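No value in this document is a laboratory result; all are computed from the given coordinates. Because the structure is a prediction, the values reported are computed rather than measured. For neighbour counting, all protein chains shown are included, and Cβ atoms are generated from backbone atoms with ideal geometry for every residue, glycine included.
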Amino acid sequence: MFGNFIYFIIVLLIYLIYQPPEEIVLKGLETSIIFGCLIFIFAFLTRLQFQRLEKRIVDTSFSRLDHRFHAVLIQQSVMAILLFAIDIYGLNLPAYFVNLPLFSTFPTLLALLFLGLFVTYLAIVWNYAYRTYKRLYRADIPRLSYVISNISFSIPVLLPWLLLSGVADLINILPFDMPKWFLNTTVGQVIYFLVFLFGVAIIGPAIIKQFWRCKPLENSYARSRIESLCNKASLDYEDILYWPIFGGKMITAGVMGLVKRFRYILVTNALLSLLEPEELDMVIAHEIGHIKKKHLIFYLVFFGGFLLISFTIIELIILSIYSSESYYWIITVSGINQNIVSSLINAFVFITLFLLYFRFIFGYFMRNFERQADIFVYSLFDNSKPLVSTLGKIATSSGHSSDRPNWHHFSIKERIDYLKKCETDTRWIKRHDRKVRNSIVVYLVGMIFIGGIGYYLNVGVVRPRINNKFIEKVILKEIEKKPDNHNLYRLLGDLYYEKKNYEGVREAYEKAIQLNPESSHVLNNLAWLYATCEDESYRNPERALELAKHAAQLERAPHIFDTLAESYFVNGMYEQAIQAGKQALNLAKRNRSYYREQLEKFEKATEISSN
């Protein structure tokens with residue numbers, strides 16, 4: 001189930017890194033047909049995979065079926081992520097909605113809409129997995145409950161982003177400039193993020209318990225026993241709750257909350273009905289161990305560590321990719337817009353780093369924290385035999401092999417074996433506590449080192465030097481090898497335009513046009529420079545109009561006709577500017593308010609000139 005957390009975070013990253021293109025290639029009807037066909041193919045293949053697996057239940061060993069079921073579940077979940085990425089980057093679905101008033105005012109709502117689309121894809125997977133799951137594990141749970149439990153368990157991982165983004169939307173629509181200015185500064189963004197991170201970490205459990213529909217455990221022998229154990233361990237908490245995950249039929253418990261006011265102990269019906277009182281004590285002692293060992297606080301630290309690593313390492317990785325010949329070969333040969341290629345590279349690097357970090361670093365600490373919580377029972381009891389018997393019951397009732405590990409837990413067999421080692425030699429308890437403590441120290445020292453590098457690269461004097469010289473030198477080096485490659489001059493011109501090196505822009509673009517006079521991108525950009533350059537010495541209205549007309553003949557796009565309209569405007573040809581401006585507005589699918597403002601400017605100029 002914890003894998004679902006990773007899926008949702010990856011999908012959120014895919015969406016947030018996406019940048020809508022200036023122009024959508026496919027028409028709305030074509031996009032709708034492709035979108036529908038892809039969903040149908042995905043649903044068909046998912047259904048086929050689980051039907052094949054279900055047919056093998058009769059004549060295949062349980063261990064192999066168990067492994068295969070989870071492999072298919074992961075496989076189809078990854079396919080759901082790929083399908084979502086195609087929707088975003090291939091079909092550009094957000095671009096069709098981004099300019100609608102509601103979504104342009106509250107971008108978080110649009111993000112929720114597309115996250116809902118991904119939930120639909122996962123619901124398709126879980127829906128077709130249900131029959132196999134029920135037969136394989138002899139689970140007595142309705143289909144709807146199975147699907148909803150998978151969804152409801154995972155979605156709270158999005159809560160920090162939802163609150164962070166939603167409040168930012170509200171700040172941006174308020175008629176106050178100070179909060180907006182503060183959020184646009186690096187210090188403001190860091191402070192805003194940290195405040196929300198700790199705020200959600202503290203009060204989040206109160207929201208999550210409502211989302212999970214948890215209810216207080218009634219006064220009973222089980223409740224009094226849990227309360228007694230918490231008193232013995234000096235653990236403060238707000239309440240003990242029923243956890244209705246998978247209809248409450250999973251033997252599990254949990255604890256959430258950093259402070260007493262928002263700390264909750266969660267238990268399922270199955271846990272209470274299937275375990276002996278001594279076994280229940282052991283499970284609760286395990287959860288108490290997570291609190292006493294400060295595991296929840298360290299999880300926040302590890303999440304912050306990922307942000308620190310991404311702040312430092314991603315910059316280095318992306319710069320190394322941009323310095324490779326392959327990067328420029330892809331752009332020059334494919335003709336794909338550089339911004340699209342860069343966006344895809346950024347998404348790939350960020351998601352890959354995320355997976356590696358959570359699989360190997362976060363996963364390492366999760367496994368060892370779980371073991372540390374296991375052996376914490378020795379702080380409250382003389383032996384762990386009831387915990388060993390509980391783990392055996394969990395393996396039996398779930399139907400999963402006791403040898404099957406995962407990225408966040410040791411296998412049940414490994415957990416039992418370690419507890420038995422502690423029974424015979426208590427030094428194994430201190431040995432593991434020392435291992436965890438030393439691992440945390442090494443991690444924190446590493447984060448300090450990486451943080452220093454990150455500050456040096458991203459805040460100090462090194463970053464401007466890298467941004468100003470590094471990529472430019474790489475492109476110039478490629479030009480030396482391939483002096484007749486017009487795309488390299490196009491890239492150089494784009495880079496100079498971003499740096500406001502207008503002399504370099506003019507020389508690079510004019511050279512690109514000399515080598516290839518049919519590039520609408522270069523023609524349009526150079527026309528815009530000649531028409532609007534803030535350094536008036538570079539303006540050339542006549543040349544701008546010549547280039548803009550040529551670009552409009554090659555490509556019908558709103559930004560192309562906007563440049564043509566601006567070129568007419570600076571040449572005093574206001575009627576022609578209005579006509580070109582209307583064409584730009586008619587073609588525009590996004591940023592329509594900008595094109596309306598441009599048209600109003602041209603119309604106002606016509607009125608003034610006629611008077």
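In the P(r) worked out for the range 185-274, what percent of Cα pairs fall beyond 22 Å?
For the range 185-274, the share of Cα pairs beyond 22 Å comes to 37 percent.
For the ranges 279-289, 552-562, what's the packing order if you count other beta-carbon atoms within 10 Å of each residue, average per peptide, and put the highest first?
279-289, 552-562
Kirkwood Rh over Cα pairs of the range 111-265 into Stokes-Einstein at 10 °C, 1.306 mPa s: D in µm²/s?
Diffusion coefficient, whole number: 85 µm²/s.
Any chance you could run the full-extension gain for residue 582 through residue 300? It's 0.36 nm times the residue separation minus the Cα-Cα distance, nm to one decimal.
Gain in length upon complete extension: 96.3 nm.
Based on DSSP H runs of at least 4 residues, each adding -39500 (n - 2.57), what is the mean residue ellipticity at 222 nm of the chain after dividing by all its residues, to the nearest 500 deg cm²/dmol?
Value at 222 nm, helices only, nearest 500: -24000 deg cm²/dmol.
Using Stokes-Einstein with the Kirkwood hydrodynamic radius over Cα pairs, what translational diffusion coefficient do you get for the range 1-172 at 10 °C and a viscosity of 1.306 mPa s, in µm²/s rounded to a whole number?
Stokes-Einstein gives a translational diffusion coefficient of 90 µm²/s.
Take the Cβ-Cβ distance between residue 356 and residue 609 as r, set R0 to 45 Å, and report the resulting FRET efficiency rounded to the nearest 0.05.
With R0 = 45 Å, the Cβ-Cβ based efficiency is 0.10.
I need the Kirkwood Rh of the chain: take the reciprocal of the average 1/r across all distinct C-alpha pairs and report it in angstrom.
Result for the chain, one decimal place: 28.5 Å.
Can you tell me the length gained on complete extension of the stretch residue 421 to residue 406, counting 0.36 nm per residue apart and subtracting the Cα distance?
3.2 nm
In Å³ and rounded to a whole number, note down the convex hull volume per residue for the Cα atoms of the range 2-98.
Spelled out: Cα convex hull of the range 2-98, divided by residues, is 88 Å³.
Please compute the length gained on full extension between residue 211 and residue 193, using 0.36 nm multiplied by the number of residues separating them and subtracting their Cα-Cα distance.
4.2 nm
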